[in-house]
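Following: one structure in structure tokens, then a few remarks.
FYI, it's all coordinate maths here, none of it is from the lab. Fair warning: this is a prediction, and the values are worked out from it, not measured in the lab. Counting neighbours? That spans all protein chains shown, and the Cβs are built from the backbone with ideal geometry, glycine included.
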Amino acid sequence: MSVITTRPGAAPLHDDSLVTVRHLSFSRGEHRIFRDVDLSIPRGKVTAIMGPSGTGKTTLLHLIGGQIRPDAGRIEVDGICVNELGRKDLYQLRKRMGVLFQSGALFTDLSVFDNVAFPLREHTRLSESMIRTLVLMKLEAVGLRGARALMPSQLSGGMSRRVALARAIALDPMMILYDEPFAGQDPISMSVLVQLIRTLNDALGLTSIIVSHDVKETATIADYLYLISDGQVVDHGTPEELSHSTSPWVDQFIHALPDGPMSFHYAAPPYEADLLTGTSP
Amino acid sequence: MKQKNLELAVGLFVALGLAAFLMLALKVSDLTSFGDDEGYRVTAKFENIGGLKTQAPVTLSGVRIGRVVHIGLDPQSYEAVVTLLINPKYNQLPDDSGASILTAGLLGEQYVGLDPGGMDTYLKDGGTIKLTQSALVLEKLIGRLFANIASGGSSPANTPAPAPAPAP
Amino acid sequence: MSDWLAAWGRFVLEWLSQLGRASLFLLQMLRALSFLFSRPGLLIKQLHAIGVLSLPIILVSGLFVGMVLGLQGYSNLVDFGATSSLGTVVALSLIRELGPVLTALLYAGRAGSALTAEIGLMRATEQIASMQMMAVDPFIRVLAPRFLAGFIAMPLLTGIFTAVGILGGYLVAVVQLGVDGGSFWGQMQAKVQLFADISNGVFIKSAAFGLVANWIALFQGYQAAPTSEGVSLATTRTVVDTSLAVLGLDFLLTALMFGVW
């Protein structure tokens, strides 16, 4: 742990932050996922939260969306404390958030059109023709207006993520949370998604939070990066700043080196001793 | 169009379910057998009704004309009071008709059989059948049989063992 | 010895907390029912998926069960010369026991397992979570319509099963074996009572089974681990738990309705 010392202390308070996380602690059973984490997400920017798999990045999104509550600390979205809201107010706040789940999470029994129309039909009393216009606009924005009649099972992974993106922006939210948007994508759909996230953010005036471990793609579009490991913020800054970081840990992660402070080996007793002792597995 | 088909299928399903209930009510259950509470009631007192139950049929010459609706006990005479509900179609039963409790087959259920009398006046609602014959109780029958044998009963009909062949 | 005791204690505690979770789950579903009147279309869709698509298995099974009852009843009753009460035997055994119980067991296999798998997969693929993040309550949008549809479908399916079974008995007894048709129906009508038998047996029993079967199926789906293994385990549990619950409940209800103590 001694290597993780680059920039300790609280995250910088951006001039205008949409999401602020203060002294966040969260644990699942015995396993502590976050220890006293501070974060702040600037309004109108693309912020990436990065770290190795299994460090609780997705859990952080769930905490911001109010799906789970922290053990201690505050999470504020647009000045509203998420973890103190009642169910009704939480649902009101969620109408202003879009979430792109890792799998896309399209409703498998609805067509592409109906999937995008779903939030509109649930939350507005717009006429069908109005809904049609809105849905086609959102689908056009992700380039899938022609696929409106398809069912989710007929879509490729990249396409279903784009449909899910169209659904996430259907209610014109103030921010979008992306959970591993690039995982398991071929190079072309990866660059399409990278492009989309950036253009949608700027065109619609959104605030985007990307949770990812794909360093290269994320670094190209993010305005600001947070690196998380072992329940704590290890480092943060613009991509430019981080690529010149002196910390060996950041160096290993950003440049994807197989060995370094993050050991290749899972914690184990010494190799030789292990081989020579007894029969137990 | 798709929604219409869906609605049609569900409508058919619900109609089928209701039709099944209608069939159970009308064709299978006792609902229609005698328009439930229609008809007139007459009572009959029996010394012993054996295993007679409510809902048991009331027949005349083997034709079902009503059912037993109530079984009570007369506290004075210690007799069973059976209320019969007779279909109004059969409103010309003579006043002096008799009622007996019979058994359908050896193991069958017990029912009330009516024997028409010869009077010109007919049974009305609230009337009574005076001439009654109780159920045959097997144990009593056997008991009487053995009593007859023990007392050296003279009647050949009561002697179960074949009589010795008369000497020529 | 103390290990054994501790294991038992853990089992009982786990079972009790499971029951508590399931009860809260049922309450949440019942609370969500009131919102359903504004969205009747959801109910229609589920009635189709749960009720209409279960019809073939119910129709075929009902027919065969009735035919078997007719055959077996005939071969037993013919020794006593009592084939005229065959209609009563077929109708009473179907109405009081076989109709509601077999329908519930078939329902658990056909519709209950499908409900569990559907809800379990919706959770595993984050559809439930994404619905919540779109500020849509899955209890209103997903669970309550399925619960109500199942609760409505069960008595209807039971009625259909029973009616078709009696027709199957009629086919074998009257058409095939030559029992007198008049006495088949007549004896049946004399013995089967509308309230004591049909409304108790078919209606109340099947409504109770419908409640339990759908409750178990949806609860197992909702709390299934979000993996393929978890969903398959939950589906198995639905069929096993529903079968046991239905048979146990059937004994309880029979004792209450037809018991003589």
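Among the listed pairs A:K95/A:K138; B:K45/B:K124; B:K45/B:K89; B:K27/C:K45, which have their C-alpha atoms separated by more than 21 angstrom in this model?
Values: A:K95/A:K138 16 Å; B:K45/B:K124 16 Å; B:K45/B:K89 24 Å; B:K27/C:K45 32 Å.
Exceeds cut-off: B:K45/B:K89; B:K27/C:K45.
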Among A:A164, A:G73, A:F113, pick out the residue whose Cα is farthest towards the positive end of the charge dipole of chain A, where Lys and Arg carry +1 and Asp and Glu carry -1 on C-beta, about the Cα centre. A:F113
1/(1 + (r/R0)^6) with r = Cβ-Cβ of C:L33 and A:R87, R0 = 25 Å, i.e. FRET efficiency to nearest 0.05, evaluates to 0.90
Give me the Kirkwood hydrodynamic radius of region B:40-141 in Å, from all C-alpha pairs, to one decimal place? 13.6 Å
Do you know the relative contact order of region A:121-171, to the nearest whole percent, from alpha carbon pairs under 8 angstrom that are 6+ apart? 41 percent
The protein assembly as shown: calculated mean residue ellipticity at 222 nm from DSSP helix runs of at least 4, using -39500 (n - 2.57): -14500 deg cm²/dmol
Under 25 Å from A:K216, Cα to Cα: lysines that are on another chain or at least 8 residues apart: A:K45, A:K57
Which whole-angstrom value gives the distance between the alpha carbon centres of region A:30-45 and region C:196-233? 42 Å
Cα long-axis angle, helix A:157-168 against chain A (0 to 90 degrees, to the nearest 10): 60 degrees
Straight-line reach from A:K88: which aspartates and glutamates have Cα under 16 Å away, leaving out those fewer than 8 places along the same chain? A:E122, C:D137
Full-stretch length increase - B:I71, B:N48 - with 0.36 nm per residue and alpha-carbon distance subtracted: 7.1 nm
With the contact rule set at Cα under 8 Å and sequence spacing of 6 or more, what percent relative contact order holds for chain A? 25 percent
Quick check: pseudo-label points 7 Å beyond the Cα along Cα→Cβ at B:N91 and C:L53, how many nm apart are they? 5.9 nm
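Taking neighbour Cβ counts within 10 Å as the exposure measure, how do A:V46, A:V215 sort from fewest upward?
Working: A:V46 24, A:V215 19.
Exposure proxy ranking, most exposed first: A:V215, A:V46.
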